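Okay, structure first, notes after.
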Amino acid sequence: MAISNPAYEHDEPVAVSLQQSEASFSTPAPASRVKADEQETRPNGTERSSSSNSETTGEMKLMKNIQKVQRDKWGKDIEFLLSCIALSVGLGNVWRFPFTALENGGGAFVIPYLIVLLLVGRPIYYLEMLVSQFSSRGCINVYDASPAMRGIGVGQTYSTFIVMTYYASLMAVTMRYLIASFGDPLPWSECSDAWNATCIDSRLITNLADNTSTLTTAVTSAELYFVKDVLKEATSIHDGIGIPDWRLVLCLLVPWTCICLTLIKGIKSSGKVAYFLAIFPYVVMLVLLIRACTLEGAGDGMLYFIKPQWDRILEAKVWYAAVTQVFFSLTICFGNVMMYSSYNRFTNNVYRDVTIVSVMDTLTSMLAGLIVFGVIGHLAHVLDAPNIQQVVRGGTGLAFITYPDAIAKFSFWPQFFAIAFFLMLFVLGIGSNVGMATTIMTVIRDRFPGLQPALVAIGIAIVGFSIGVIYTTPGGQYLLDFLDFYGASFVALVLAVFEMFTFSWIYGVSRICRDIEFMLGIKTGLYWRICWGFITPAMLTAILLYHIATYETFTFNGYVYPDGMYAFGWCIFAAGVLQLPAWAIYTFLKRKEPDWKDRLVHCFRPTHDWGPEDPELNAKYHESVYKDEQSLPRDRSIARRVYDNVFS
């Protein structure tokens, strides 16, 4: 998947003297501010011997002479920031965060969430931005920092592709609702004889407290509309997934057309669209928040959302939910953040950007929670429900059942608020989906630089649409949740652990800090060093072990899949995770060193062209690396090496 280069393929040093090298680097680069006493921790815990001096100086000369194809860049730095906001702020903020908070202690969940955000989310986000901006490499080629670990990037791209295909199908459902929202009355507000079920019109106000026995077998028209009319959901997939619904197929064309047009000119066009994708949803959210605050009972719903249940704050399940929410809300460890950062200017202030994005993502989640639970509080009020949980549905049900059910009871212009809500969902989803599609596009164009962006964009849209059709079948939702678990969530969590150990302990925290100073001219504080070196890898490892220890057979709303499906699911999982050992073996076999120990060590060392994209800066960088290596003390203890890696 990665582009090979002459230096890495043949590993042939060019013999030049150090004096000649220093003379050729006499022109200082404005972005290079390097501390001579910073150290580099090698994969095997040893420093280069003096016998490799000629090889190192040769690499420095070679880097200056290598001509690389210049990567596209963002038109303005603000385009990168807005694209990251559009990527991270998505559907999960609207329906996953509020319901996860509700299930895990309400306001008490927010405390673990913020702690995890500071100790896991921000450090990983900052790290991914840094290494890709520093090297101008995408999510696969960035592992030139440690070629044996390149399979991490391949596996993450694999997961991103799976998510991209089913995410667009959710946009198709959203588009279906958006079109239906123009109807008067709203189509989900009234029952239909075709549904053949005990149904209650969602537009009617029914007292749940007085009619509990009657309502135990009845279903709201909003729920039946979603299940029977939109999804045409099957009761099982033992006999197959069925035939695609033509209306959803047509709706699926809309998001893929939007994605294709956004990417038609590569990063240049997507950067311009980011202004709309990142800003417009907040305009709609403001309108919906004002409306929610004016509804009767909204205050009770908002209070229920934020009121802490302190007895649950120490439960392991709550912390696990906080980690996973941060993980998927920021879309870290999927390669998307790395991809966007690789198009940055070398000196772009990503320290500022990571702070803005993480704060905006958290505030959006809280804002969406207040809006949704304000409306749900109103729903519980008009139904006189004894408990708000009686009117709440989790996951997609929150967006496509509970919220539409509440809108159907609005006496004032329900069509407007339905259109506003689903248009907001659609724009949020497109912003995230564009990021995922751009990741796939970047991987393809990194491998085949001659391909035109328009051709790649059209190809991705056609393939994504073709695969997405399976999610428009009656069994589509069964497959969506199944592939999300085995092909995306589980794979990404495993690879995230290896990603952190790769950059923290193979490439080295000390070298990352030195790269930051070379690139941005700033020193790295203890907070980042301790998180990268110890806290973040430990928490990710703990959450993976917890996930494995508490693993239960995956089901969909209680439905147990056929045995063959579970075997298929583990094959999908293996196809993502086994990229890591497969590419490690391939890298080892490709090396040219005669001694297998030297070959193994070099598999974990950065390639000869690792570093800044600009040849002059790259040469200057390699010179600084060489000088730092010479300053390292010999025969350090293991404890000293660990200390130097994090605190040097």
Checklist outcome for this item: Net charge near His378 (other residues with Cβ under 13 Å of its Cβ; Lys, Arg +1; Asp, Glu -1) is -2
Checklist outcome for this item: Violations at 21 Å Cα threshold for listed pairs Lys523/Lys620; Lys73/Lys265; Lys73/Lys627 -> Lys73/Lys627
Checklist outcome for this item: Extension length gain for Lys592 and Leu303 (0.36 nm per residue less Cα distance), in nm, is 97.5 nm
Checklist outcome for this item: Sorted list, accessible surface of protein heavy atoms, 1.4 Å probe, largest first, for Asp595, Asp144 is Asp595, Asp144
Item to check | Residues Tyr351 and Gln630, FRET efficiency given R0 of 25 Å [Cβ-Cβ distance, rounded to 0.05] | outcome: 0.25
Checklist outcome for this item: Distance in nm between Cys571 and Ala218 label points, each 7 Å along Cα→Cβ, equals 4.8 nm
Checklist entry - Whose amide H sits under 5 Å from the amide H of Thr220, counting only residues 5 or more places off or on another chain, with H placed in the peptide plane? => result Ile200
Item to check | Mean Cβ count within 10 Å, highest first, over the residues of peptides 345-356, 478-489 | outcome: 478-489, 345-356
Checklist entry - Relative to the longest principal Cα axis of the chain, at what angle does helix 350-383 sit, 0 to 90 degrees, rounded to 10? => result 10 degrees
Checklist outcome for this item: With Cα coordinates, the longest principal axis of the chain makes an angle with the long axis of helix 579-590, in degrees rounded to 10, of 20 degrees
Checklist outcome for this item: FRET efficiency for Leu578 and Phe501 from the Cβ-Cβ distance with R0 = 25 Å, rounded to 0.05, comes out at 0.90
Checklist entry - Among Phe416, Val142, Gly611, whose Cα lies farthest out toward the positive end of the dipole of the chain, if unit charges sit on the beta carbon of Lys, Arg (+1) and Asp, Glu (-1)? => result Gly611
Item to check | D_trans [Stokes-Einstein, Kirkwood Rh over alpha-carbon pairs] for the range 77-583, 37 °C, 0.692 mPa s, µm² s⁻¹ | outcome: 140 µm²/s
Next on the checklist: Given the whole protein assembly as supplied and a 1.4 Å probe, what does the accessible area of Cys199 come to in Å², nearest 10?
Outcome noted: 40 Å²
Next on the checklist: With every protein chain left in place and a probe of 1.4 Å, what is the accessible surface of Tyr586, to the nearest 10 Å²?
Outcome noted: 120 Å²
Checklist entry - How much of the accessible area of the range 77-583, probe 1.4 Å, is carbon plus sulfur, in whole percent? => result 67 percent
Checklist entry - Per residue, what accessible area does the range 593-648 have, given a 1.4 Å probe and all protein chains present, in Å²? => result 46 Å²
Checklist entry - Among all cysteines in the chain, which have no other cysteine Cβ under 4.7 Å from their own Cβ? => result Cys84, Cys139, Cys251, Cys258, Cys260, Cys293, Cys333, Cys513, Cys531, Cys571, Cys603
Next on the checklist: Expected output is a single nm value to one decimal: the length gained when fully extending between Val601 and Ile78, i.e. 0.36 nm times separation in residues minus the C-alpha distance. What is it?
Outcome noted: 184.2 nm
Next on the checklist: Need one number: nm distance between label points at Trp195 and Ala542, each 7 Å from Cα along Cα→Cβ, rounded to one decimal.
Outcome noted: 4.6 nm
Checklist entry - Can you give me the Cα centroid spacing of the range 248-300 and the range 549-617 in angstrom? => result 35 Å
Checklist outcome for this item: Taking the dipole of the chain about the Cα centre (Lys, Arg +1; Asp, Glu -1; charges at Cβ), the one of Gly105, Thr362, Gly242 that reaches farthest to the positive side is Thr362
Next on the checklist: I'd like the FRET efficiency for Leu526 and His238, computed as 1/(1 + (r/R0)^6) with the beta carbon distance as r and R0 of 45 Å, rounded to 0.05.
Outcome noted: 0.20
Next on the checklist: I'd like to check one number: the per residue accessible area of the range 77-583, probe 1.4 Å, reported in Å² as a whole number.
Outcome noted: 35 Å²
Item to check | HN-Hα J in Hz across the range 270-278 - Karplus 6.51, -1.76, 1.60, θ = phi - 60°, x for Gly and Pro | outcome: 5, x, 5, 5, 4, 4, 6, 4, 8
Item to check | Only Lys, Arg (+1) and Asp, Glu (-1) charged, at Cβ; the chain dipole about Cα centre in debye | outcome: 1320 debye
Item to check | Gain upon complete extension [Tyr282, Glu103; 0.36 nm per residue less C-alpha separation] | outcome: 61.9 nm
Checklist entry - Hey, rough spin-label estimate for Asp563 and Thr550, points 7 angstrom out along Cα→Cβ, what's it come to in nanometres? => result 3.0 nm
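The values are calculated or read from the model by the stated rules, or taken from the named source; none is laboratory data. Quantities reported herein were computed from a predicted structural model and do not represent experimental measurements. So basically every Cβ, Gly included, is an ideal-geometry build from the backbone, and we count neighbours across all protein chains shown. Keep in mind that these areas ignore ligands, DNA and RNA; they rest on the heavy atoms of the full protein, side chains included. Shrake-Rupley method; radii C 1.70, N 1.55, O 1.52, S 1.80 Å.
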